1. Out of the residues in the range 48-60 that are of a type outside the set (S, T, N, Q) and open to solvent by less than 100 Å² (accessible area, probe 1.4 Å), which is modelled with the lowest pLDDT?
2. Report yes if V34 is modelled with pLDDT under 95, part of a helix (DSSP H, G or I) and surrounded by 10 or more Cβ atoms within 10 Å (Cβ to Cβ), otherwise no.
3. Go through (1) modelled with pLDDT under 80; (2) within 21 Å of the chain's Cα centre (by Cα) and name the single condition L63 misses.
4. Which residues, counting only those in the range 17-31, are among the hydroxyl-bearing types (S, T, Y) and part of a helix (DSSP H, G or I)?
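The values are calculated or read from the model by the stated rules, or taken from the named source; none is laboratory data. Here the structure is a predicted model, which means the values were calculated and not measured. Positions of Cβ are generated from backbone atoms using ideal geometry, with glycine treated the same way; all protein chains shown enter the neighbour counts. Just so you know, the surface numbers come from the protein's heavy atoms only, side chains and all, with ligands and any DNA or RNA stripped out. Shrake-Rupley method; radii C 1.70, N 1.55, O 1.52, S 1.80 Å.
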Amino acid sequence: MAKNYDPTLPIMKACGVPQMIQYLEGKSSYEEAVTKAQQSSRNYAKRQLTWFRNQLPSNKIDLANPSLDEVLKIVR
């Protein structure tokens with residue numbers, strides 16, 4: 001805050017930063033800011049897991065005994 005960064009910069013939107021700024025500006029208590037920052041972090045982690053789950057190929061490879069054809073089908 002002392003450096004007066006533009007509030008629209010990505011770093012100012014990082015998990016926990018908006019909540020701590022509200023605390024430093026006296027708009028929320030420390031406990032409330034920490035609780036909201038923790039919730040923000042959990043929400044972000046859940047979005048990451050959802051994204052990752054949707055990136056996996058729909059056809060599965062038998063990892064115990066993959067055939068070359070199965071592997072090539074997925075990588076192409």
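1. Filtering first and then ranking leaves P57.
2. Values: modelled with pLDDT under 95: no; part of a helix (DSSP H, G or I): yes; surrounded by 10 or more Cβ atoms within 10 Å (Cβ to Cβ): yes.
No.
3. Answer for L63: the failing condition is (2).
4. Here is the first cut: in the range 17-31, the residues among the hydroxyl-bearing types (S, T, Y) are 23, 28-30.
Within the range 17-31, Y23, Y30 qualify.
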